[in-house]
Amino acid sequence: MTRPIVAEISRSALVHNLRVAQAHAPRSRIMAAVKANAYGHDVQLCAPVLAAAGVDAFAVASLEEAETIHALHLGKPVCLLGGPFAAEEVPVATDRGYWLVIHEDRQLLWLESQAAQRSLQIFIKVDTGMHRLGFVPERLPEILAKLQSYPHWQVLGLMSHLARADHPEDPFNLQQIEVFEQVLQAFSGLTVGQHSLANSGAVLALPKAHHYWVRPGLMLYGLSPFADRNGVDIGLQPVLSWRSEIVATRQLQAGEWLGYGATWQAPAACRVGVVAAGYGDGYPRQLGTDTIITVADQKTRALARVSMDMLFVDLTHISADIGSVVHLMGAGGPALESMAASLDTIPYEMSCRIQMRVPRRLGP
Ligand SMILES: *Cc1c(COP(=O)(O)O)cnc(C)c1O
């Protein structure tokens, strides 16, 4: 690969962030959310680092994602957060021993028809108020009774998800935590007791939600779930460093136009660098002129429109040339959280949108 663009994944930052999660939830086990290719960070690079550093299990969103982890032979349980999506998935999932989160009646039917005699480990998803997935608490006696009637099946615990953990002060969190606790009290003894409620926001700020398994995702990548703070403000280290290089430079005279649409006109003589990164790599096209970019460790700004494979930076007041390193976002450059905020989105989406044509590489 010779196009100079890369997203470097920091091994030490990943391990550091895992330690932060462990320190916040010292009595809980860590189920690392590595769905969506580890939030765009490359699960094949991240999962082995996390496994070696002591993560207790992995959580994914699909059978395909589980198979990717299985192929890495990390020796850690893999949990399908949405359970099976079709009856055909059940035999594969049971062969592999994946943990299944069951949230819907048809999944029970698939299990009964495909795995009545197979050993299964199951979480029951309970809807505590988010109203996305899960059985309403009133249905739990019936669901539990059905699951208990299959001697090969083991209910590890109950699982739920918080709707407002990114705003930990919101009383809605306490409501959900309370509903979860009531449900646990009613059914303690009927499960193995490995209950789970907390994602990153709750790991960091809602200790009452921790229970047996915490399920951090975003924070492991060094990103903050809280809109008013970046990861570094809460003791995390950004894992991803998205870089490229200057591949051409231009001297413009006052009044000359730059790039597609000729939308930017040089107000005075200036020097422009062309960077090998564009919206085809996932660099948002909305981030044109005035977006902060770091070139050769100096802060400067993007100019004009972002193209598919290239973008422009202002080199007028900095010392940089062809081959200079450009930090587009993440470690060494502008924080991914700030870039997300300026686009009115969240770091989750920002990191997921870095395209696969940007090679990920494990670094120190
Ligand atoms: C993605 C996901 C998580 C992880 O959430 P973060 O906010 O990234 O920590 C936890 N639980 C469920 C059910 C999820 O889908």
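The values are calculated or read from the model by the stated rules, or taken from the named source; none is laboratory data. From a predicted model like this one, the values you see are computed outputs, not experimental measurements. Cβ: placed from backbone, ideal geometry, glycine included. Neighbour counts: every protein chain shown. What goes into the accessible areas is simple: the full protein's heavy atoms, side chains included, and nothing from ligands, DNA or RNA. Shrake-Rupley method; radii C 1.70, N 1.55, O 1.52, S 1.80 Å.
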What is the sum of charges around G201, taking Lys and Arg as +1, Asp and Glu as -1, for the other residues whose C-beta is under 15 Å from the C-beta of G201? -2
With +1 on the Cβ of every Lys and Arg and -1 on the Cβ of every Asp and Glu, and nothing else charged, how large is the dipole of the range 240-334 about its Cα centre, in debye rounded to the nearest 20? 120 debye
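Determine the sum of side-chain charges near T289: Lys and Arg each +1, Asp and Glu each -1, restricted to other residues whose C-beta is under 10 angstrom from that of T289.
Taking every other residue near T289 into account, the sum is 0.
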Which of the aspartates and glutamates could a cross-linker span from K146 if the Cα-Cα distance has to be under 19 Å and same-chain partners fewer than 8 positions apart are dropped? E104, D105, E112, D127, E138
A student applying the Cα gyration tensor rule (rounded when a/c is under 1.5; otherwise prolate if a/b is larger than b/c, oblate if not) would label the range 240-334 oblate
If I stretch the segment between S319 and A341 completely, what's the gain in nm (0.36 nm per residue apart, minus their alpha carbon distance), one decimal? 5.0 nm
So the angle from the long Cα axis of helix 171-187 to the longest Cα principal axis of the chain, reported in degrees to the nearest 10, equals 30 degrees
Could you give the size of the charge dipole of the range 11-224 about its Cα centre, using +1 on the Cβ of each K and R and -1 on the Cβ of each D and E, expressed in debye and rounded to the nearest 20? 560 debye
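Considering only protein heavy atoms and a 1.4 Å probe, what is the carbon-and-sulfur percentage of the accessible area of the chain?
That fraction is 52 percent.
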If each residue of separation counts as 0.36 nm, what is the full-extension length gain between C352 and L74 once their alpha-carbon separation is subtracted? 97.7 nm
Taking Cα pairs under 8 Å and at least six residues apart, what relative contact order does the range 11-224 come out at, in percent? 21 percent
On average, how much accessible surface per residue is there in the range 11-224, in Å², for a 1.4 Å probe, leaving out ligands, DNA and RNA? 40 Å²
List, in order, the whole-Hz ³J(HN,Hα) value for each residue of the range 111-124 obtained from phi through the Karplus relation with A = 6.51, B = -1.76, C = 1.60 and θ = phi - 60°; use x for Gly and Pro. 5, 5, 7, 9, 9, 4, 9, 9, 7, 9, 10, 10, 9, 9
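Using the heavy atoms of the protein chains and a 1.4 angstrom probe, tell me the accessible area per residue for the range 240-334 in square angstrom.
Here the residues of the range 240-334 average 43 Å² of exposed surface.
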Against the longest principal axis of the chain, how steep is helix 43-52, in degrees 0 to 90 to the nearest 10, with axes from Cα atoms? 60 degrees
Exposed GluC sites (Glu not before Pro) absent - longest run of the chain, DSSP non-H/G/I/E/B, at most 16 other C-beta within 10 Å: 257-364
Loop sites in the range 18-104: chymotrypsin sites (Phe, Trp or Tyr not before Pro), DSSP, at most 14 other Cβ within 10 Å: F85
Any idea how far apart Q265 and V136 come out in nm if each label point goes 7 Å out from Cα toward Cβ? 6.4 nm
Using +1 at the C-beta of Lys and Arg and -1 at the C-beta of Asp and Glu, which of I346, F180, L74 has the Cα lying farthest in the positive direction of the dipole of the chain? L74
Rounded, prolate or oblate (a/c below 1.5 giving rounded, otherwise prolate when a/b exceeds b/c) for the range 11-224 by Cα gyration tensor: oblate
Test item: Cα-centred dipole of the chain, Lys/Arg +1 and Asp/Glu -1 on Cβ, debye: 600 debye
Let me have the relative contact order for the chain, percent, based on Cα pairs under 8 Å that are six or more residues apart. 18 percent
Helix 11-24 versus the longest principal axis of the chain: what is the Cα-based angle in degrees, 0 to 90, to the nearest 10? 50 degrees
What does the net charge come to around E337 if you take all other residues with beta carbon closer than 15 Å to its beta carbon, with K and R at +1 and D and E at -1? -3
May I ask you to derive the FRET efficiency for K146 and R3 from their Cβ-Cβ distance with R0 = 56 Å, giving the value to the nearest 0.05? 0.55
Where a ≥ b ≥ c are root eigenvalues of the Cα gyration tensor, a/c under 1.5 meaning rounded, otherwise prolate if a/b exceeds b/c and oblate otherwise, the range 56-168 counts as oblate
